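*Asks:* Would you mind keeping the following structure in view while I ask a few things?
Each reported figure results from applying straightforward, stated rules to the coordinates on display, with no laboratory input. Treat the numbers as computed from the prediction; the structure is a model and nothing was measured. Don't worry about glycine lacking a Cβ; one is built from the backbone with ideal geometry, like all the others, and counts go over all protein chains shown.
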């Protein structure tokens, strides 16, 4: 009898998750509106389905970087309350740390780059802002069927630029948007998929800087 009750409970859980998957299919992250955060948007070109990009031609002249704290470019709707203040603060800190780690660490292309605090010759400033965050639906992200179909995936959109620390000239810029991974585990948090996207973007930034310095002959995928 107890075994039958357990089986019935399992069936009820599967049915509930299936309904949730149908009614909560993830809203795709789209290209954000221009928030006025970048010094200029005129240099950007559409590259693929998930980014605008301006590679510039002088990034290779800069080997030291100032990393400004990541900014939140949207005001959360108090009536929806998808995220707590702590969750958003944690996400901003995660972005800061992801960029810092990727730029400063040694990788297979060579040593890390010097991170500094003061402007100077050969120093570029990196500015990043988060335009939007779509929450991960935890109940769906831990079920293999819905993980594969993409239901429950969260994500984010962000924009950033690299500028000369003295003149303010825009050296490179990008606007990125996308969801988390159907393969990687986002964890039991509402921002897990956004963090996966941010990790990829930080890794692409390092890859592009390495490419601009001639450390690798292959640019990041999608650029």
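*Asks:* Counting other beta carbons within 10 Å of each Cβ, put 93, 117 in order, fewest first.
*Replies:* 117, 93
*Asks:* Starting with the fewest neighbours, write out 63, 57 ranked by other beta-carbon atoms found within 10 Å of each beta-carbon.
*Replies:* Details: 63 12, 57 9.
Going from least to most buried by this count: 57, 63.
*Asks:* Give or take rounding to whole Å, what are the principal axis extents of the alpha carbon atoms in region 42-122, in descending order?
*Replies:* Between the extreme Cα coordinates on each principal axis of region 42-122 lie 47, 29, 28 Å.
*Asks:* Could you line up 176, 125 from fewest to most neighbouring Cβ atoms inside 10 Å?
*Replies:* 125, 176
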